[in-house]
Amino acid sequence: MTTQANSNQVPEGCAFVIFGATGDLTHRLVIPALYNLAEANLLPEKFCVVGVTRKEMSSDDLRDSLMQGLRKYATRPVDDKVADQLLYCVTAVSADPSEPASFERLRERLEKLEANRNTGGNRLFYLATPPDAFAPIATELGRAGLLKETSGAWRRLVVEKPFGTDLASAKALNDHLLSIISEHELYRIDHYLGKETVQNILVLRFSNGMFEPIWNREHIDHIQITVEEKLGVGHRGSFYDKTGALRDMVPNHLFQLLSLVAMEPPAHFNAHAVRSAKADVLAAIQIQTEEEALRNSVRGQYTSGKIGDTDIPDYRSAKDVAADSTTETFAALTLSIDNWRWAGVPFYLRTGKALSGKRTEVAIKFKEAPFSMFRCTPVQELSQNFLVIGIEPVEGISLQFNTKVPGPMIAIDGVEMTFRYKDYFKVAPSNGYETLLHDCMIGDNILFQRADGVEAGWRAVQPFLDAWKKAGAHGLQIYRAGSDGPEDADELLGRDGRNWRKPT
Ligand code: BG6
């Protein structure tokens with residue numbers, strides 16, 4: 001996380017090398033984020049962007065394409081002067097891992113550009129490619145000597161989730177990358193960690209003295225983590241049908257939220273201490289047997305329905321989705337954390353597509369008052385004490401508690417004390433990409449995943465993956481697009497005498 005001390009820090013000169021320069025990720029997120037950094041004067045003066053393409057392409061054509069992307073995806077109005085200055089730094093170079101000699105040519109071109117732009121030899125390689133290209137590209141970069149630190153110049157490799165598709169493939173990928181580059185040079189991006197609202201979980205917990213004493217099994221009844229999306233699978237069928245909601249969201253985005261909420265206070269605010277505390281809590285998630293995993297989970301797939309005025313077709317009729325697919329588009333799980341702070345406190349997680357609303361939140365439910373003084377009054381049921389951390393689209397924090405309704409009778413109502421970013425700071429938090437890219441350039445890897453954390457996450461979801469694979473269509477619930485998901489997800493909490501928090 002960029003601290004106040006380094007948030008204005010201009011990185012040292014460097015070459016920013018993007019593999020997959022013609023792709024969606026580069027156009028949609030990387031270039032708009034570099035533009036925002038350029039506008040904030042947070043790019044180095046001695047800088048070059050090398051756009052690596054598989055097929056030969058002229059630098060002018062690449063710049064035109066990136067400019068079009070920027071106009072479409074920029075998160076703020078584009079100042080042509082700033083955009084031109086940024087795109088002037090872009091050079092297209094072709095390289096393909098199936099042709100090792102092309103990496104020798106890349107090295108020569110890079111050395112010339114570095115000399116021209118005086119970047120000091122620092123290199124950042126950003127792999128904006130499909131994940132199956134990570135290992136081959138890293139191998140060739142290593143073989144061509146491009147990842148070897150020389151005379152004080154740094155090398156960094158940036159990859160973006162997914163990091164594997166299960167525990168074995170995640171381990172294999174980590175082992176492979178770490179045989180070529182060191183952990184401190186490897187930046188694994190999970191874009192959730194770029195979100196201000198996610199980073200704020202750390203600040204909320206550890207910069208306020210009042211939460212930590214009650215942040216444990218003595219006072220917390222359970223924790224709910226919800227990531228609901230309105231969008232269906234859209235044009236991503238070929239990726240999604242192989243992946244499903246669990247792999248796509250849980251070991252990465254939902255576990256980032258879980259680890260920040262559940263970790264022990266780190267002794268220092270640095271990458272080693274924070275990432276160790278996060279990895280420790282993920283490693284403490286109880287590993288369930290396959291039978292337990294089936295009992296403690298619900299999976300669903302959406303069928304046709306309506307969201308607002310939009311008709312959503314059946315998942316199985318989406319492009320590149322198998323007509324008899326059993327891939328889940330909704331997953332809900334109950335997890336336990338085996339440590340002194342959380343023993344006996346259930347963590348309920350759910351995520352799904354084509355649901356009635358878009359909502360990402362962590363809801364912490366506190367235990368009820370030990371006895372009800374008000375049971376002989378007309379007050380039947382007290383409202384529940386939830387502390388809700390809204391990630392998006394509601395960005396803020398609210399605390400729900402009971403209060404007396406004014407009047408001669410004792411009547412009690414649940415009310416809410418609310419903080420919203422946009423009301424207080426008059427600015428909506430950014431999507432976080434520029435924070436992440438800036439952190440890569442200044443060498444702060446606190447917001448990036450470490451190998452042990454990635455593997456601990458996959459270890460915890462592996463029994464669910466295995467059990468669901470064996471069960472096939474059996475147990476897959478069908479829910480209507482635009483609904484709140486399968487009814488069995490309510491039953492998952494219902495059988496523990498609890499229910500999912502309804503948005504207020
Ligand atoms: C991505 C998933 O990592 O995160 C998508 O692959 C999902 O399926 C997206 O839609 C959600 O991100 P956000 O920031 O919109 O919550």
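The values are calculated or read from the model by the stated rules, or taken from the named source; none is laboratory data. If you're wondering where the values come from, they're calculated on a predicted model, not measured in any experiment. Reconstructed Cβ throughout: ideal geometry from the backbone, glycine too, with neighbour counts over all protein chains shown.
Would you mind finding the one in D466, D452, D439, D496 that is assigned to a loop (DSSP other than H, G, I, E, B) and either within 27 Å of K161 (Cβ to Cβ) or in contact (Cβ under 8 Å) with a residue 40 or more places away in the chain (or both)? Give the steps one after another, and end with the answer.
Working: D466 fails: assigned to a loop (DSSP other than H, G, I, E, B); D452 fails: assigned to a loop (DSSP other than H, G, I, E, B); D439 fails: assigned to a loop (DSSP other than H, G, I, E, B).
Just one listed residue meets the conditions, D496.
Let's see how each residue does on (1) part of a helix (DSSP H, G or I); (2) among the β-branched types (V, I, T); (3) in contact (Cβ under 8 Å) with a residue 60 or more places away in the chain:
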position: I180; (1), (2), (3): no, yes, no
position: T197; (1), (2), (3): yes, yes, yes
position: L204; (1), (2), (3): yes, no, yes
position: M210; (1), (2), (3): no, no, no
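Residue-wise test of (1) within 30 Å of the chain's Cα centre (by Cα); (2) among the aromatic types (F, W, Y); (3) buried (at least 17 other Cβ atoms within 10 Å of the Cβ).
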{"position": "F103", "(1), (2), (3)": "no, yes, yes"}
{"position": "E108", "(1), (2), (3)": "no, no, no"}
{"position": "K112", "(1), (2), (3)": "no, no, no"}
{"position": "A115", "(1), (2), (3)": "no, no, no"}
{"position": "N122", "(1), (2), (3)": "yes, no, yes"}
{"position": "L127", "(1), (2), (3)": "yes, no, yes"}
{"position": "P131", "(1), (2), (3)": "yes, no, yes"}
{"position": "F134", "(1), (2), (3)": "yes, yes, yes"}
**Request:** Determine, yes or no, whether L204 is among the aliphatic types (A, V, I, L, M), farther than 20 Å from T334 by Cα and within 13 Å of the ligand (Cβ to nearest atom).
**Result:** no
**Message:** Looking for something among the hydroxyl-bearing types (S, T, Y), at pLDDT 95 or above and exposed (fewer than 15 other Cβ atoms within 10 Å of the Cβ) - is there at least one such residue anywhere in region 357-380?
**Reply:** no
**Fill in**
Expected output for region 381-410 (first residue among the small types (G, A, S), partner surrounded by fewer than 20 Cβ atoms within 10 Å (Cβ to Cβ), Cβ below 6 Å, 6+ apart or cross-chain) is S383/N402; S383/G414; G390/G396; G396/F419; G396/R420; G396/Y421; S398/E416; S398/T418
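Conditions (1) of a type in the set (F, W, Y); (2) under 23 Å from the mean Cα position of the chain (by Cα); (3) surrounded by fewer than 23 Cβ atoms within 10 Å (Cβ to Cβ); (4) farther than 28 Å from L29 by Cβ, marked per residue:
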position: D439; (1), (2), (3), (4): no, yes, no, no
position: G443; (1), (2), (3), (4): no, yes, yes, no
position: A471; (1), (2), (3), (4): no, no, yes, yes
position: L476; (1), (2), (3), (4): no, no, yes, yes
position: A481; (1), (2), (3), (4): no, no, no, no
position: D484; (1), (2), (3), (4): no, yes, yes, yes
position: E487; (1), (2), (3), (4): no, no, yes, yes
**Item:** Neighbours by Cβ (under 7 Å, 6+ apart or cross-chain): first from region 119-139, more than 16 Å from E104 (Cβ to Cβ); second among the hydroxyl-bearing types (S, T, Y) and assigned to a helix (DSSP H, G or I)
**Value:** A128/T26
**Asked** So which residues in region 207-246 are within 12 Å of the ligand (Cβ to nearest atom), crowded, with 21+ Cβ neighbours inside 10 Å and over 14 Å from the mean Cα position of the chain (by Cα), if there are any at all?
**Response** G232, V233, Y240, G244
**Request:** For region 152-163, enumerate the residues that are more than 14 Å from the ligand (Cβ to nearest atom) and part of a loop (DSSP other than H, G, I, E, B).
**Result:** G152, W154
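Of the residues A322, A279, which single one is aliphatic (A, V, I, L, M), away from the ligand (no atom under 16 Å from the Cβ) and over 22 Å from the mean Cα position of the chain (by Cα)? Write out each step before concluding.
Values: A279 fails: over 22 Å from the mean Cα position of the chain (by Cα).
From the options A322, A279, the qualifying one is A322.
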**Item:** region 127-152, residues that are out of contact with any helix residue (DSSP H, G or I) (no Cβ under 9 Å at 6 or more places or on another chain), farther than 28 Å from Y240 by Cα and modelled with pLDDT under 95
**Value:** T150, S151, G152
**Request:** Would you check if L178 is more than 16 Å from the ligand (Cβ to nearest atom), under 18 Å from A451 (Cα atoms), touching a Lys or Arg at 6+ places or on another chain (Cβ under 6 Å) and at pLDDT 95 or above?
**Result:** no
**Fill in**
Residues of region 247-276 being among the aromatic types (F, W, Y) and more than 16 Å from the ligand (Cβ to nearest atom), in sequence order, are F269
**Request:** State whether one or more residues within region 340-350 are under 17 Å from Y479 (Cα atoms) and at pLDDT 95 or above.
**Result:** yes
**Counted residues, region 469-489 - those being without any contact (Cβ under 8 Å) to a residue 24 or more places away in the chain and either within 17 Å of M249 (Cα to Cα) or touching a strand residue (DSSP E or B) at 6+ places or on another chain (Cβ under 9 Å) (or both)** = 1
**Prompt:** Right, E196: away from the ligand (no atom under 15 Å from the Cβ) and either within 29 Å of G485 (Cα to Cα) or crowded, with 23+ Cβ neighbours inside 10 Å (or both) or not?
**Reply:** no
**Request:** Please report, ordered by residue number, the helices (runs of 4 or more DSSP H) entirely within region 1-91 with at least 3 residues that are within 14 Å of H438 (Cβ to Cβ) and among the aliphatic types (A, V, I, L, M).
**Result:** 31-39
**Request:** Only one of these is under 29 Å from T327 (Cβ atoms), of a type in the set (A, V, I, L, M, F, W, C) and touching a helix residue (DSSP H, G or I) at 6+ places or on another chain (Cβ under 8 Å): L246, L178. Name it.
**Result:** L246
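Going residue by residue through region 290-302, is there one that turns out to be closer than 30 Å to E183 by Cβ and surrounded by fewer than 23 Cβ atoms within 10 Å (Cβ to Cβ)? Full working, then the answer.
Looking only at region 290-302, we keep the residues that are closer than 30 Å to E183 by Cβ, and these are none.
No, region 290-302 has no match at all.
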